[in-house]
Amino acid sequence: MKRLLSTLFILCTVLSAFAAPRTDHRHLLENIWNNLPDKEQVFKTGGEWFPYPAYSDRKAWDALTEGVKKEIIRIGEKAVKEGMEIIKPSWYLQCEKARDQRLTLPTKRNFRRVGDLALAELAEGKGRFIIPLIDAMWYMSEVSTWMNPYNSRRGKKNPLRQLPDPEDRYISLNAADAANRMAVAWHFFHEEFDKYDPTISKTILGALKKNTFDPYLDETKDEHGHGWLGFSGNVVNNWNTYCNMQVILAFLLAEQDETRLLQALGKGMRSIDKYLDSVSMDGCCDEGPGYWDMAGGKVYDFARMMYDASAGKVDIFGDSQVRNLCEYKAFNYIGDGWVINFSDGQAKGDGDHLLPFRMGVDLGSETLVNYGLYLQADQKTGKFNSSIKSSTTGYRALEALRYMAQMREAEKKALDDAGGDFNKMCTMLTRNIGSVRYPQTDQTYLRNGKGWVLGAKGGFNKESHNHNDVGSALLFIDNCPVIVDLGCQVYGPKTFSSERYTLYQNQSDWHNIVTINGCSQPYGQEYAARNSKADLKAGFFSTDVAGAYPEAAACNSWVRAYKLDEKSLTITDTYSLKERKAPDLIHFVTNGDITLEKGYVKLVTRSSDGKTSVVTRIAYPKTLTPSVETKEVTDSRHLKAWGKQIHRIVFSTSAKAPLKGSYTFKFTRED
């Protein structure tokens, strides 16, 4: 089956309206499930399907952990030293009051330690991590909830949503991750636990039943509390894929009742369908690339898990949408950790480096295989980085080990194919990542082969994790940010409240777009782009953003066009207004050093390590007046990405500018 993206490369010109929720429901997994005979014979309790050696098979584990054993053991030793963090009632009260996501880290660290200890014992096999693992899992079994306060549900008995209600259990992101790690550890070590006391396993299984299995199967929670399942008619997001995958893995490994296991599997497959049927077929992650690991990445994890658990009878690797969801990650990547970060995506965050290679192998995607190898290639040292991210979910850490030998063989071949030239190899590994159009999500990524990368979008202002940014774009040259999308700050009290758009980084005025007649873009599905066009071969994208502004903007049309050439980027705004109320303001956001010269703006931007700089000239019409506004950065995420200051270059029209016209900005690089 030819994938959608391949078709788009051939059909260079694409026309699309704004992306709206899909109504064509394919029921991909549900149909497979319904047509699967003898489910009871395919899926059995006990986890025998799990494709890893038993803990006692030391020869197999020595082979699996070759090259990374010391790192895994070192992480396990760190977990022993740190121990489990005691969660007090006062901490819940503090988190609820502050609503600062950083305060929830102790819960994440606790269940990650379970995974770190289990993996360390699997790698070493000497028994010295068993007792610390028992202590950690016993503690996790005894705590009142696996949810953190930031994701906890506002219950009827406790409308303030401060302390967890032990009679009102729900599954959140953290709770699903905890279930994953607890089930994986129990699977490998329950026989070892029984040597000490069978009560240990009994307590762990009881905690899984209480915190995960019973709440998941409780249909009364499907609408209120577990809306992420998608059964209440709502549009779902990364919660669906993230929670479902990890909960179903726990069922497959630790559920003792065959009927309940099959009930959970059927429910999980129907729920994942809700996600697949609600997101675009083009595969673009409209929540931002920072959520891809939890969204498209978890679709792959679910597909791999179900393929193994069913001995290949549940197979969606050949589906075009699944392929597109996975390959999006490669096309979204800029370089040096930078990504095209629309919506709540962080500007830097290339995610799990070991995941794309596995995807590429299973999907038969050369693009993903090569991208995965590229992520492992450290151009500063000229070597491949063999590190394993054991802080990721327990399942992914195991999968990384399973594919490690195959990846090392591929690394050797890639270097041999480049004649031993490491830098040439890195260039060859990214040769398939060119310009791409996502027509349903209305995003276009353009590359000119000379180090220039442009990400531009149309869309609408009620996307998942939305920013009011219809028509905006970002530009990188040689991995240096020129004009940027600031991305989200650390989540706090306002992030998902009615005050979301009081945060400046979510407002259109702090994106690379225009304020029309004094009006910014509002939030809402109806505020959308129209008549978006893309020609990948010509390096062109345009969209009419007039519909993204309120009636007060008095705008008939405002076509924002981007043209990326070999040595320049031209941005043209062609507009028609009904009346003139105020000057129009065209914004460009940057963290570079700005100098206002006669007839152009000089912009100096730098790479992440500060060793590389790019000098860019922005030529602008004489009818516009440039100015620069500076904002001090205090948020830790923005500090990490942008430094201590960000700037907004503002080009202002005159108060009496004509009702029709155009403005052209040309970005060129100074040699």
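The values are calculated or read from the model by the stated rules, or taken from the named source; none is laboratory data. A quick note: this is a predicted structure, and the numbers were derived from the prediction, not measured. Methodologically, a virtual Cβ is constructed for each residue, glycine included, from the backbone with ideal geometry; neighbour enumeration extends over all protein chains shown.
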Note to self: Condition check: modelled with pLDDT of 95 or more, in contact with a Cys (Cβ under 9 Å, 6 or more places away or on another chain) and either under 25 Å from Cys284 (Cβ atoms) or polar (S, T, N, Q) (or both). Does Gln443 satisfy that?
What the structure shows: yes
Margin query: Suppose we filter Phe129, Phe43 for residues that are buried (at least 19 other Cβ atoms within 10 Å of the Cβ), outside the structural domain of Phe193 (by TED's automatic domain parsing) and modelled with pLDDT of 95 or more; which single one remains?
Written below: Phe43
Check: Hey, among Glu399, Glu463, Glu409, which residue is within 20 Å of the chain's Cα centre (by Cα) and either under 30 Å from Trp186 (Cβ atoms) or assigned to a helix (DSSP H, G or I) (or both)?
Finding: Glu399
Checklist line | Qualifying residues in segment 337-359 (those that are of a type in the set (D, E, K, R) and within 14 Å of Leu373 (Cα to Cα)) - the one modelled with the lowest pLDDT | finding: Asp350
Note to self: surrounded by fewer than 17 Cβ atoms within 10 Å (Cβ to Cβ) and under 21 Å from Ala347 (Cβ atoms): which single residue out of Gly592, Gly610 fits that description?
What the structure shows: Gly610
Item checked: Single residue of segment 549-589 satisfying the filter (among the hydrophobic types (A, V, I, L, M, F, W, C) and more than 20 Å from Asp469 (Cβ to Cβ)) that is surrounded by the most Cβ atoms within 10 Å (Cβ to Cβ) -> Leu577
Margin query: Return the residues of segment 349-386 that are touching a Phe, Trp or Tyr at 6+ places or on another chain (Cβ under 6 Å) and within 25 Å of Ile483 (Cα to Cα); say none if nothing qualifies.
Written below: none
Notebook entry, point to check: Arg112 is checked against (1) touching a Ser or Thr at 6+ places or on another chain (Cβ under 7 Å); (2) at pLDDT 95 or above and fails just one. What number does that condition carry?
Noted result: (2)
Note to self: Being under 30 Å from Gly394 (Cβ atoms) and either modelled with pLDDT of 95 or more or among the polar types (S, T, N, Q) (or both) is the requirement here; does Pro89 meet it?
What the structure shows: no
Margin query: Where the second residue is aromatic (Phe, Trp, Tyr) and surrounded by fewer than 20 Cβ atoms within 10 Å (Cβ to Cβ) and the first is within 16 Å of Ala179 (Cα to Cα) and lies in segment 116-141, which pairs have Cβ atoms under 7 Å and are six or more apart or on separate chains?
Written below: Ile134/Tyr196
Note to self: Take His190 and tell me if it is modelled with pLDDT under 95 and not aliphatic (A, V, I, L, M).
What the structure shows: no
Check: Looking at Trp239, Trp292, Trp228, which one is in the same structural domain as Val184 (by TED's automatic domain parsing) and without any contact (Cβ under 8 Å) to a residue 60 or more places away in the chain?
Finding: Trp228
Note to self: Can you find, within segment 400-420, the residue that is farthest from Ile72 (Cα to Cα) among those that are touching a residue at least 24 places away in the same chain (Cβ under 8 Å) and of a type in the set (Lys, Arg)?
What the structure shows: Arg408
Note to self: Looking at segment 552-565, can you tell me whether even one residue there is of a type in the set (D, E, K, R), in contact (Cβ under 8 Å) with a residue 12 or more places away in the chain and out of contact with any Gly (no Cβ under 9 Å at 6 or more places or on another chain)?
What the structure shows: no
Notebook entry, point to check: Can you tell me which residues in segment 211-225 are farther than 12 Å from Asp168 by Cα and part of a loop (DSSP other than H, G, I, E, B)?
Noted result: Asp222, Glu223
Next item on the list: Using the structure shown, decide if Thr381 is in a loop (DSSP other than H, G, I, E, B) and over 30 Å from Thr495 (Cβ atoms).
Entry: yes
Next item on the list: For residues that are more than 24 Å from Lys533 (Cβ to Cβ) and not charged (D, E, K, R), tally how many sit in segment 465-502.
Entry: 20
